[in-house]
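See below for the structure under consideration.
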Amino acid sequence: MWIFILVIFVLLIIAGILTIIGILIYSIPEALGYPRIAKWLMWIYIVLVSVLILKTIFEDELFSKNDAVKLLAEQNIRLDDDFELVRNYSEWIPGDYYHTFTLRISAHDWQCIIQEIKSAPNFKAKGDSLVNLRIKAIKIREGSEETQDSEDTESFVRELFKPNGTKYAPTYRRIIIDKKEKILKFEDIDF
């Protein structure tokens, strides 16, 4: 319940700031004797704010296959064949961001990605000791980028931990390849 109240409070503050900026954009040129310029600037401001709000609201619907390819490429995962975007979901609450998508990939890409993970120098097979990069992402804000490739009973996993400095949330991304189905799941979690 308190998170809902916090989100409403943050949205009201943002709306207040945007309103004050809009009033200033209109008032200053009008006070200087340029009412037509004031109107034009106000309309431009309204359009820009509207586009920003709509883009934020419809972020999931605007997500494309090209966006998925770019996110996978950041972890050296390449898809050669066509694929189906099965699901895309993101959510944001103050302090946290979560984005996930699921792809149905070809048998060729599935085999290539599994081979890429298994041949990585830091690959950990079933039963090997793993570093919990998710916990590390919560606690550590500085350091060097780390990747971890592993296998469990149901999937092959590639994880990325990238600190972004003390003032910013670290990047934690995980790619999961199902062993039975030709499914790739991507997760991006900012704590």
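The values are calculated or read from the model by the stated rules, or taken from the named source; none is laboratory data. Bear in mind the structure is a predicted one, so any value in this text is a computation, not a measurement. Cβ placement follows ideal geometry from the backbone for every residue including glycine, while neighbour counts extend to all protein chains displayed. Just the protein is used for accessible areas: all its heavy atoms, side chains included, with ligands, DNA and RNA removed. Shrake-Rupley method; radii C 1.70, N 1.55, O 1.52, S 1.80 Å.
In the set (1) over 23 Å from residue 97 (Cβ atoms); (2) at pLDDT 75 or above, residue 129 fails one condition alone, (2).
You will find that of 83, 63, 58, the residue that is out of contact with any Pro (no Cβ under 9 Å at 6 or more places or on another chain) and open to solvent by 50 Å² or more (accessible area, probe 1.4 Å) is 58 and no other. Only helices (runs of 4 or more DSSP H) whose full extent lies in segment 1-92 are considered here, and the ones with at least 3 residues that are touching a helix residue (DSSP H, G or I) at 6+ places or on another chain (Cβ under 9 Å) and modelled with pLDDT of 90 or more are 2-31, 35-57.
Inspection of segment 172-189 identifies no residue that is at pLDDT below 80 and among the charged types (D, E, K, R).
Residue 91: open to solvent by 80 Å² or more (accessible area, probe 1.4 Å), closer than 19 Å to residue 7 by Cα and of a type outside the set (Ser, Thr, Tyr), yes or no?
Working: open to solvent by 80 Å² or more (accessible area, probe 1.4 Å): yes; closer than 19 Å to residue 7 by Cα: yes; of a type outside the set (Ser, Thr, Tyr): yes.
So residue 91 fits the description; yes.
Residues in segment 44-70 that are of a type in the set (Ser, Thr, Tyr) and either out of contact with any Leu (no Cβ under 9 Å at 6 or more places or on another chain) or in contact (Cβ under 8 Å) with a residue 24 or more places away in the chain (or both) were compared, and the one that is farthest from residue 25 (Cα to Cα) is 56.
Cβ-Cβ contacts under 7 Å between residues 6 or more apart (or on different chains), taken from a first residue in segment 71-92 that is in contact (Cβ under 8 Å) with a residue 24 or more places away in the chain to a second residue that is hydrophobic (A, V, I, L, M, F, W, C) and part of a helix (DSSP H, G or I), are listed as 77/113; 79/69; 79/72. Scanning segment 1-52 for residues that are surrounded by 13 or more Cβ atoms within 10 Å (Cβ to Cβ) and closer than 18 Å to residue 97 by Cα returns 6, 7.
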